[in-house]
Structures are given as C-alpha cells and as structure tokens.
Amino acid sequence: MLLLALDTATPAVTVALHDGGDVIASSSQVDARRHGELLLPAVDRVLAEAGLRLDAVTGIVVGVGPGPYTGLRVGLMTADTFGLALGVPVHGVCTLDGLAYAADIEEGPFVVATDARRKEVYWATYADSRTRLTDPAVDRPADIAERVAGLPAVGAGALLYPDTFPSAHEPEHASAAALAALAAERLAAGEELPAPRPMYLRRPDAQVPKNYKVVTPK
Amino acid sequence: MADEPLVLGIETSCDETGVGIVRGTTLLADAIASSVDEHARFGGVVPEVASRAHLEAMVPTIDRALKEAGVSARDLDGIAVTAGPGLAGALLVGVSAAKAYAYALGKPLYGVNHLASHICVDQLEHGALPEPTMALLVSGGHSSLLLSSDITSDVRPMGATIDDAAGEAFDKIARVLNLGFPGGPVIDRYAKEGDPRAIAFPRGLTGPRDAAYDFSFSGLKTAVARWIEARRAAGEDVPVRDVAASFQEAVVDVLTRKAVRACRDEGVDHLMIGGGVAANSRLRVLAQERCEAAGIRLRVPRPKLCTDNGAMVAALGAEMVARNRVPSSWDLSADSSLPVTDPHVPGHDHVHEVGKENLYS
Ligand SMILES: [Zn+2]
C-alpha cells in the first residue's frame, strides 16, 4: 500500500505519503491564500523526499472538508485528476476526522472546530480520536456554546473563539500525515472509504458580480 | 499529420467546463458541460455555482473528450489550461485539474490566456493564422480589438469596450422587448424581418475625437430602452422587428467599422471575429461586405468554436508546443485579471526538470 494524502480544507496545504505502516514523507505549509500554487510543488517535494514516483501510489486520500470552498476544491480537483490519470482509487475522509486523529485523544468527548470565516466554525464532536459523534456542522460559536460547554477542543476554530472554547489547544490545522494514517487504518480494517464529495455545508452565495455574463430565466 | 503536437486543453473561466483535444491545427474533440441552467434564476453567472459545477464535471468531461478523439492520455504532448482572465474560483478548478493531469502523465503544462485562445481557435477552422492577424472578440464577457503578430508571444490591445460587452447589450435589449434569453439569437431572428434603417439609434464612440478603436454600448442600450418605453407610454405598439433590426445594425455597424479601420490603419489584410456574438448573421454579412470593399480577408470560425470551449485552449497549447515556448511551472496559479498581452504564463525556473524525476519515463 502506498497512499498519497492531501488536504486543503484549512489554511494548511498538507501532503503526506504513507506506506501502510508509517508516514514516509510529509509537507505542511500554512498559507490560506495560496493553496492552488503550493499544492503541486508540495506533492513533488514529498515524492522526491521519499525517492518515489507518483505512479507508485496505490491510492489517493483527500480531505473533503468542511472548509472554505475555493481552497477545498484545489485538493479535491487535484485528487480526482490524479485518480483519473493513474487509474487508482480516490478516498474521501472528513477533514475534521483527520484533525481528531491528529489530536490523539484517548478519551473524549471532545470537539474539533475549524475556521469557517464569517464568524462561524465548522465543527463536530468526538468520543475519541477515531470516533465521531455528530455530523459536521457550521455554526456561530455562541450558538453552540451550550452544547460544547466543558469539552476540550482542538483546531483553529476553537483557538479563535476562547469564549466558547476556553480549553482549546493544538493541533490547529489539518495534517495529511494524520489523514493518511487514519485512512490506512480504516482500509487495513477492510472498511470502504467514501468517494470524495466536497462537504460545503452552506449553499452558494447567489451574488452575481457586476459586468459579468448575463443569464436570465428562459 | 502525426508529428504535430497532440494537446488537451481545459477551459473553466466562466460557466462552461470545456475539454478539447487537437493535433496541431486539427480538431479531434470538443467536449463541453455547461452550468448555464443553474445560473438562470439568478439572472447571471454566480461564481460559486460555476465553481462547484466545474469540480463535478471535470473528470467526466476529460473522459468524454479522450473517447471522442480516440486517443490515449499517454500519447498527449502537452496539457493546456486557461490561466486567466475570468472568474478566480472557476479558473482555479481548471488550473488544479490541468496541473494534476500534466504532472501525473509526465507532460508539459501550459497556462494560457483566454482571449488569445479565442483568436487561436480559428486555426482549427481555417488553418494557420496569418501574421499579423487583427481580431475582433465579441461576447457576453468581452468586446476587444486585438492585433497579434504571433499568437504565442505577441498580442496587442487596440481597443476594448469602456462599459458593457456587446453580448450584454443584446441580452438586455431582448429583456426590454420581452424576447427571453439568450438575447443574441432571438434579436437576430426578429431583425431579419425588420428594417435596420427604421430608427436611427446612436453609434457610440464614433465622433472625430473619440478613441478610434474603443467601444461603448451603454448609451445605445439606454437609447433603445427609452425609445421603447416612450412608445409604450403613448399606448402605441412597439415595432419589435424594426427595433431589433435597428438596434442590431447600430451594434454591428460600429463593430465592423472600427475593426476594418484598425486593419487599414495597421496595414493588416486579415480580420478574424470570435466570441459568442460572432454567430450574429448580420455581423457576418456586414463584416464580409466591408472587408471585401477594403480588400481584407475575413475569417470567422463556426459558432461552437466562437463560444467558450476547451478546443480553443488546446489550439493555443498546440501552438505553444510547436513553437517551443517555455512550459508553465507546477506553481502556476489562476490569474483572474491576466493581461491580454500575456498569451501564456511561462515558468520562472526549472521546476519542470526537477519534476521529471517523478514522472513516467
Ligand atoms: Zn470567452
């Protein structure tokens, strides 16, 4: 097994190679505005570090979010296209699950929250690092304060809002190494991982920019 | 010819997911998935809706193009993609796909300019572009007059619209006349039965002191709308056919007059017209008449190649390969305002050489 994992659903552009036993190379850069630029060079670097070529990969693992859309799509589109070109399966893993795994918490419950911008967080609760209790959701921190009261929390969304998450701690952003390890574990256990579908959680803003192509109802 | 470059092109600058495949100047496939229906209820292209649709459509559209062309991805000589200008988020989906595809297949990547691609597509219809070529690009998104001596390296803006795009004016007047969407074809149809000289609508920016090659359609649009409203206010019937014909005549008169003048001034004996509005029948007829009178050869591709598509991107990519232009780097990014003067985005270092370590041999 050789998995190439990538995640662009948080400010981190993160890539890792996992051989089924261990992470053999990884790269993480935090720059929320340059996902499109940074991802391919990171893949290239990680492969070079491992002394491997992309065609040695037996599967792609990609974080499906939730996350800010523009960045999220960079990872998903890259993973989909690698899958097409290489003829290997592409596995989707919830980005929050990767963060929960990276948090390495034996006993929960705890919360994973990432920054959804617009003063909201993407979040879910976990029983332990491998077990999610709730569906990922997007909310204002104040609106979920009661539900997460007293729980430890990880992720940039928790660190940003100490009023709601007073005991927030690292890890802050997604890690492809954790995503790969989690996927490897699940695949080794014979689990089927879902096809990569973006988790947007919000409807698109229906704003038409000025001076752009006009489309009126038929 | 088998030794001409085989290139796959990806276009996602607006609401069409286009994947085309060409061999040199020969069109092999032109696969399109459009999200236009999803935007209709919003009255215009919603960027986030377009971006989501591109992500969904990309892999199936690449597959379709390969099948249509009957070629294997391994045989491609390069991957081209629209790097700009266009909607930032939409462009980024195409750029991400193209980079991943080129990297995985071990092929050079060419990030190219959308406007230069609109010009280059004519090679698929009429063979190699004459050098220099004057190009009039008219659509719902752009109206420009461009002069190119080499489509891979030199595109010069002669003029552009200072307000609305020509296609936008057609859509808006069709709406005022309650003719539905899209405006271009329906105005064209009504105009055929109308008198283009019935109403004297203004010709924007045609005064002696106005910019010789710039366009303006906003004043015309307002004049037509006012004329219609005045008729309605007076309780009179609106002569839809005459209004359509007179409005259309005002648009194509200015477009062709300025394009021919630019050719004459620059000593260029070829004019190509591209973009969705190039499908307008009166524009084609008038351009033909005026070009003939001025001794200029007119080249207009078939309508499907005039609107946004992947084949035009592949056509420019093939030209980049044929002329040994420097491929783009793996850190190529989408540039929503890529200047028209940059036909492609060459790599800044030797990233491709480093990258080859990891590619198929
Ligand atoms: Zn266009």
For region B:308-329, enumerate the residues that are crowded, with 24+ Cβ neighbours inside 10 Å and either charged (D, E, K, R) or within 14 Å of chain A (Cβ to nearest Cβ) (or both). B:D308, B:E319, B:P327, B:S328
Based on this model, can you work out whether A:R53 counts as touching a residue at least 60 places away in the same chain (Cβ under 8 Å), at the interface with chain B (Cβ under 8 Å from one of its Cβ atoms) and in contact with a Leu (Cβ under 7 Å, 6 or more places away or on another chain)? no
Among B:A57, B:A40, B:A65, B:A53, which is the only one that is closer than 21 Å to B:E125 by Cβ, of a type outside the set (D, E, K, R) and within 14 Å of chain A (Cβ to nearest Cβ)? B:A65
Collect the residues in region B:25-37 that are within 14 Å of chain A (Cβ to nearest Cβ) and within 16 Å of the ligand (Cβ to nearest atom), keeping them in residue-number order. B:S34, B:S35, B:V36
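Could you pull out the residue among B:V285, B:V243 that is away from the ligand (no atom under 16 Å from the Cβ) and crowded, with 23+ Cβ neighbours inside 10 Å? Write out each step before concluding.
Numbers: B:V285 fails: crowded, with 23+ Cβ neighbours inside 10 Å.
Exactly one of B:V285, B:V243 is away from the ligand (no atom under 16 Å from the Cβ) and crowded, with 23+ Cβ neighbours inside 10 Å, namely B:V243.
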List the helices (runs of 4 or more DSSP H) inside region B:213-325, counting only whole elements, that have at least 3 residues being more than 25 Å from B:R23 (Cα to Cα) and out of contact with any strand residue (DSSP E or B) (no Cβ under 9 Å at 6 or more places or on another chain). B:218-233, B:240-266, B:281-294
Out of all the residues in region B:102-140, which are touching a Ser or Thr at 6+ places or on another chain (Cβ under 6 Å), within 14 Å of the ligand (Cβ to nearest atom) and part of a loop (DSSP other than H, G, I, E, B)? none
Considering each residue of region B:200-225, count those that are exposed (fewer than 12 other Cβ atoms within 10 Å of the Cβ) and modelled with pLDDT of 95 or more, and give that number. 1
State whether one or more residues within region A:113-124 are among the acidic types (D, E) and within 12 Å of another protein chain (Cβ to nearest Cβ). no
Somewhere in region B:16-24, is a residue within 7 Å of another protein chain (Cβ to nearest Cβ) and not basic (K, R)? no
Assuming B:P85 fulfils every condition listed in (1) at the interface with chain A (Cβ under 10 Å from one of its Cβ atoms); (2) touching a helix residue (DSSP H, G or I) at 6+ places or on another chain (Cβ under 8 Å) apart from one, which condition is it? (1)
Which residue pairs have Cβ atoms under 6 Å apart, sit 6 or more places apart or on different chains, and have a first residue in region B:248-265 that is modelled with pLDDT of 95 or more and a second that is assigned to a helix (DSSP H, G or I) and of a type in the set (D, E)? none
Give the residue that is farthest from the ligand (Cβ to nearest atom), with candidates limited to residues of region B:143-178 that are assigned to a loop (DSSP other than H, G, I, E, B) and surrounded by fewer than 24 Cβ atoms within 10 Å (Cβ to Cβ). B:N178
How about region A:117-161: which of its residues are touching a Lys or Arg at 6+ places or on another chain (Cβ under 8 Å) and part of a loop (DSSP other than H, G, I, E, B)? A:K119, A:E120, A:R140
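Can you pull out every residue in region B:340-361 that is part of a loop (DSSP other than H, G, I, E, B) and either modelled with pLDDT of 95 or more or surrounded by 15 or more Cβ atoms within 10 Å (Cβ to Cβ) (or both)?
Let us first name the residues in region B:340-361 that are part of a loop (DSSP other than H, G, I, E, B), namely B:340-343, B:345-350, B:359-361.
Answer for region B:340-361, where residues must be part of a loop (DSSP other than H, G, I, E, B) and either modelled with pLDDT of 95 or more or surrounded by 15 or more Cβ atoms within 10 Å (Cβ to Cβ) (or both): B:V340, B:T341, B:D342, B:P343, B:V345, B:P346, B:G347, B:L359.
For (1) more than 10 Å from every other protein chain (Cβ to nearest Cβ); (2) at negative phi; (3) of a type outside the set (G, A, S), each residue gets a yes or a no:
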| position | (1), (2), (3) |
| --- | --- |
| A:S27 | yes, yes, no |
| A:G36 | no, yes, no |
| A:P41 | no, yes, yes |
| A:V74 | no, yes, yes |
| A:T78 | no, yes, yes |
Counting just the residues of region B:269-282 that are under 12 Å from B:L145 (Cβ atoms) and within 15 Å of the ligand (Cβ to nearest atom), which one comes out farthest from the other protein chains (Cβ to nearest Cβ)? B:M272
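Quick one: is B:I32 out of contact with any Leu (no Cβ under 9 Å at 6 or more places or on another chain) and buried (at least 24 other Cβ atoms within 10 Å of the Cβ)? Quick ask: steps written out before the conclusion?
Values: out of contact with any Leu (no Cβ under 9 Å at 6 or more places or on another chain): yes; buried (at least 24 other Cβ atoms within 10 Å of the Cβ): no.
No.
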Failed condition for B:A50, given (1) away from the ligand (no atom under 16 Å from the Cβ); (2) more than 14 Å from B:V313 (Cα to Cα); (3) of a type in the set (G, A, S): (1)
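The values are calculated or read from the model by the stated rules, or taken from the named source; none is laboratory data. Keep in mind the model is a prediction, meaning the values are calculated, not measured. Backbone-built Cβ (ideal geometry, glycine too); neighbour counts: all protein chains shown.
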